[in-house]
Protein chains: 2
Amino acid sequence: MSSDPPGFELPLRLFLGFRTLVDELHAELGRQGHPDLRPMHGFVMQAIGTRGTTAAELGRRLGVSKQAAGKTIDTLEGLGYVERGTDPGDARRKIVRLSERGVDSLVRSARIFDDLRARWAATIGEDRLHALEADLRTLTPPDYFPLDVPGWFGGYQ
Amino acid sequence: MSSDPPGFELPLRLFLGFRTLVDELHAELGRQGHPDLRPMHGFVMQAIGTRGTTAAELGRRLGVSKQAAGKTIDTLEGLGYVERGTDPGDARRKIVRLSERGVDSLVRSARIFDDLRARWAATIGEDRLHALEADLRTLTPPDYFPLDVPGWFGGYQ
DNA sequence: TACAATCGACAACGTGGTTGTCTAAAATGG
DNA sequence: CCATTTTAGACAACCACGTTGTCGATTGTA
């Protein structure tokens, strides 16, 4: 099929779709009181979850070292999105939990993403969007959540 | 429509699709003699093009400072993928051109991406993949090529 | 009880990004 | 024609995020 698009357009479009959605999310998030959040912060907080976790566990979940996870937690703690506590059953562990502000940002993010999805559905149709999501679900690994994006893309080794 | 997927799945799937394709590209690229290329290098070389460019122009094209573009060129030059030359008509400008090795990596990348696209077409069907590409083309800006990914995602401001 | 494994912290380093400053060369304008 | 502004590239200082290596403290285990 010589009429097929060249293969390099596909990754570019996927990235642009991702970037467009995330940029619009953060523009709106900024208007709603969270101007200092970066794209990766949302993924990290999602990975922390409502039950909390530790730096080492977070690192494993995100595919980065525990030191890198610890630094990111430092940043989020400085911004007021997470809080550190102790584990009564294990003096080594320090539990990281979302603060009220952290939960608020996740709630708003979910709502904004729903709105953005609705706009996409209005543009190409709900059936087409549904098919797009279904196809991507087929083509991508199910439980994969890599968050080493800066290093992965730019190359820290 | 309470049966619609939550909005946050869409950006995640788009990113995973992008990441899956690029990871498989670089795995194969590594087997074909280019093990030290990072994801961003391909985008940068694509932006340099066969006609060559300058650091300042490259920075404008990629949305980063000329200093950042210059550093990336330093890296690619050290890896042997680009070469610096002078501009006979303007002593200030230093033209950056793809080396033979750089062109080879782009040719191989294009072929590998075509193969990966064919595999996706075999999985979900050429018509569905065609629709997916067409929809993404509708939903994303046409001539946008942002390469500040590490900073954009992680946050250098 | 001695030993191994785990957690969190610290240090050193590499890479990519930024801004600011500087010199040289080119474009502009009176 | 010359003075001024603009542009390109190099250099330095700095920040963010990643890595590996090391360490003390705590927990699990043979």
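Filtered by the rule that a residue be under 16 Å from the mean Cα position of the chain (by Cα), near DNA strand D (Cβ under 10 Å from one of its atoms) and open to solvent by 30 Å² or more (accessible area, probe 1.4 Å), the stretch A:41-67 gives A:Phe43, A:Gly63, A:Val64. Residue check: A:Asp148 meets all listed conditions (1) at pLDDT 90 or above; (2) open to solvent by 20 Å² or more (accessible area, probe 1.4 Å) but one, namely (1). Evaluate the following for A:Ala122: is it closer than 27 Å to B:Thr20 by Cα and either of a type in the set (Gly, Ala, Ser) or at pLDDT below 95 (or both)? No; evaluated as a whole, the condition is false for this residue.
Taking the listed residues A:Arg51, A:Arg13, A:Arg19, A:Arg61, the one that is charged (D, E, K, R) and more than 22 Å from B:Thr20 (Cα to Cα) is A:Arg51, with no other qualifying.
Among the residues of the stretch B:1-14, those that are open to solvent by 10 Å² or more (accessible area, probe 1.4 Å) and part of a helix (DSSP H, G or I) comprise B:Glu9, B:Leu12, B:Arg13.
Taking the criterion of being within 12 Å of DNA strand C (Cβ to nearest atom) and within 13 Å of chain B (Cβ to nearest Cβ), the residues of the stretch A:67-89 that qualify are A:Ala68, A:Lys71, A:Thr72. Total residues in the stretch A:81-121 satisfying the condition of being within 16 Å of DNA strand D (Cβ to nearest atom), farther than 17 Å from A:His26 by Cβ and open to solvent by less than 70 Å² (accessible area, probe 1.4 Å): the figure is 6.
How many of the residues in the stretch B:23-66 are more than 9 Å from DNA strand C (Cβ to nearest atom), of a type outside the set (Lys, Arg) and part of a helix (DSSP H, G or I)? Matching residues across the stretch B:23-66 total 19.
The values are calculated or read from the model by the stated rules, or taken from the named source; none is laboratory data. Since the structure is predicted, the reported quantities are computational estimates derived from the model, not experimental observations. Virtual Cβ from ideal backbone geometry, glycine too; neighbours counted across all protein chains shown. Calculation scope for accessible area: heavy atoms of the full protein, side chains included, ligands and nucleic acids excluded. Shrake-Rupley method; radii C 1.70, N 1.55, O 1.52, S 1.80 Å.
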